[in-house]
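The values are calculated or read from the model by the stated rules, or taken from the named source; none is laboratory data. Quick caveat: nothing in here was measured; it's all calculated off a predicted structure. Virtual Cβ from ideal backbone geometry, glycine too; neighbours counted across all protein chains shown. In case anyone asks, the SASA skips ligands and DNA or RNA and just uses the protein heavy atoms, side chains included. Shrake-Rupley method; radii C 1.70, N 1.55, O 1.52, S 1.80 Å.
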Amino acid sequence: MSLITLCLTGTDLSADRGYLKSYEGRIDLAELRLDCLDSLRKKGTVNTDEVEAFVRDSSVPLILTIRRTADGGFYRGSEKDRIALMADLVSLGFAYADLEDDLESTLSGPVEKLARSSGVRIIRSFHDFRGVPEDLAERIRRNGEKGDLPKGAVTFSHSRDMIPFLEACRKLEGVEKILLAMGERGFFTRILTEKLQSYLTFTSPAEGAAGASGHLDPDLLVSRYRYREIRNDWPLFGIIGNPVIQSRSPELHNGWLEKSRLPGVYVPFLLDDLADFSRIDELLGFQGLSVTIPFKEKIIPFLDSPSEGVRRIGACNTFYRKDGAVMGENSDAPGFLYPLLDRLGLERDSERPLEGMKCTLIGAGGASRGVLFALVQAGANVLVLNRTVEKADKLADEFGARAAVLGPESKELMREYNHVIVQTTSMGMAPMEERDPVDFYHFSGEEFLYDIIYKPAETVLMKRAARSGCRTLGGWEMLREQGKVQFELFTGLPVPKG
């Protein structure tokens, strides 16, 4: 099983001792980043006796690391001084010592010899912040030739860089190694170490400086992503989009998988485009994916069998495999409608539960299509408002709705179509948390406002409507309900109760 390693990046050993204590019993290793210590950064020295005591008292094996600035660390002294310091410390009881693969043998030879004679395993590392080296697999093999543990930390500057990385992982099956990608695009490599056959994953304390971009804290890694349980043959689920790392879908789906006692892990994947999706899918083998902006329309050509909802809406948010075929569904429509019906006290299985209601839909982007489809199917008369009225006209024509410009000139129309007002734009979410898309409209208190944004839980628009006496509904219920539909398609089972 891949090990959980905590990066200790405190400015003094007392802070690092506190981090170790906080995660006692929940980590397997710790990396002592001495380059983060104030004494080394400011004075160029460390207290050897204090380091020895720290190593002796540690509850887990330790990796000795003094990271250069070129590799993302803080050590600014000469290489000669850095290696000399490593030599002074390496035999104090460390289990591993991190030495870069570009060190001159005349410089590193003595510390390597001392490490091996002391039973310290050398991690032979390199960090590439520009991309994925063409010879990644060969370099990893070469760095492990002397029994060292090779480590490669690369960077995905674009999601297409996932392909050579994953191909290298395939070439290196059965080879003991540490292989990861830094940053948000490489986030999945921190979780899927068992599937990628990486020796360990690096984590950082929830409180404190992250050891590197993309780190999770150990508790979140275990509780949300079931890290201790993941097996190489587990089905892989996830969400693709941009942005996507802050999505709450992993929290939902992994919780449901665990409660159902089903194998599988659900992970966010930040993609830049879908040009190379087929190859990424081939290498990772997705069983099911949630699809979010900007790929809901672009994913359709990859489907063998899109549903009627996907064809009518023109967008797919659910990619899954069934009987060898790639299927596509849009769970946004029922996910949106069910919470609304519940709040209005209407039956979910009614044929046209919103018959006679007049509703305003704010926005004509990708998210609005599923919402409009659901409203019209449920019998509502809908007014579509959008800043670019041509987009509103086009969307409204497709579904037999009415259209107008999103602006003060439409406030009288909104008063006519005011049983339910649905907000589908990005105004109200980061980085536009203070924006109100209909600040020109004054609520009477009779409207039902539904803002499909789920973070923040209450937008400025919702707060304004609530102050006027309106009933409001945020996007969390929609996220949960559409996720339930996806879970059933992914697994063939209903979401567990409770």
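Taking segment 1-12 as the search range and keeping residues that are open to solvent by 20 Å² or more (accessible area, probe 1.4 Å) and within 18 Å of residue 204 (Cβ to Cβ), which one is farthest from the chain's Cα centre (by Cα)?
Taking the candidates together, the pick is 12.
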Hits in segment 365-401 (condition: open to solvent by less than 70 Å² (accessible area, probe 1.4 Å), assigned to a helix (DSSP H, G or I) and under 24 Å from residue 439 (Cα atoms)): 366, 367, 368, 369, 371, 372, 375, 389, 392, 393, 395, 396
Residue identified as touching an Asp or Glu at 6+ places or on another chain (Cβ under 8 Å) and modelled with pLDDT of 95 or more among 103, 114: 103
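Given 281, 273, 342, which one is touching a Ser or Thr at 6+ places or on another chain (Cβ under 9 Å) and either part of a helix (DSSP H, G or I) or open to solvent by 10 Å² or more (accessible area, probe 1.4 Å) (or both)?
On the way: 281 fails: touching a Ser or Thr at 6+ places or on another chain (Cβ under 9 Å); 342 fails: touching a Ser or Thr at 6+ places or on another chain (Cβ under 9 Å).
Result: 273 is the single residue among 281, 273, 342 that is touching a Ser or Thr at 6+ places or on another chain (Cβ under 9 Å) and either part of a helix (DSSP H, G or I) or open to solvent by 10 Å² or more (accessible area, probe 1.4 Å) (or both).
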Single residue of segment 464-498 satisfying the filter (among the aliphatic types (A, V, I, L, M) and more than 22 Å from residue 286 (Cβ to Cβ)) that is surrounded by the fewest Cβ atoms within 10 Å (Cβ to Cβ): 466
Elements of type helices (runs of 4 or more DSSP H) in segment 404-495, at least 2 residues being touching a helix residue (DSSP H, G or I) at 6+ places or on another chain (Cβ under 9 Å) and either touching a residue at least 12 places away in the same chain (Cβ under 8 Å) or of a type in the set (Asp, Glu) (or both): 476-491
Selection within segment 432-445 - more than 24 Å from residue 405 (Cβ to Cβ) and either modelled with pLDDT of 95 or more or surrounded by 16 or more Cβ atoms within 10 Å (Cβ to Cβ) (or both): 445
In segment 41-66, the residues that are under 35 Å from the mean Cα position of the chain (by Cα) and open to solvent by less than 10 Å² (accessible area, probe 1.4 Å): 54, 62, 63, 64, 65, 66
Residues (in a loop (DSSP other than H, G, I, E, B) and either at positive phi or surrounded by fewer than 17 Cβ atoms within 10 Å (Cβ to Cβ) (or both)) located in segment 27-40: 28
Pair list, Cβ < 6 Å and 6+ apart or interchain, from segment 383-403 residues that are of a type in the set (Phe, Trp, Tyr) to residues that are outside any strand (DSSP E or B) and open to solvent by less than 70 Å² (accessible area, probe 1.4 Å): 399/372; 399/376
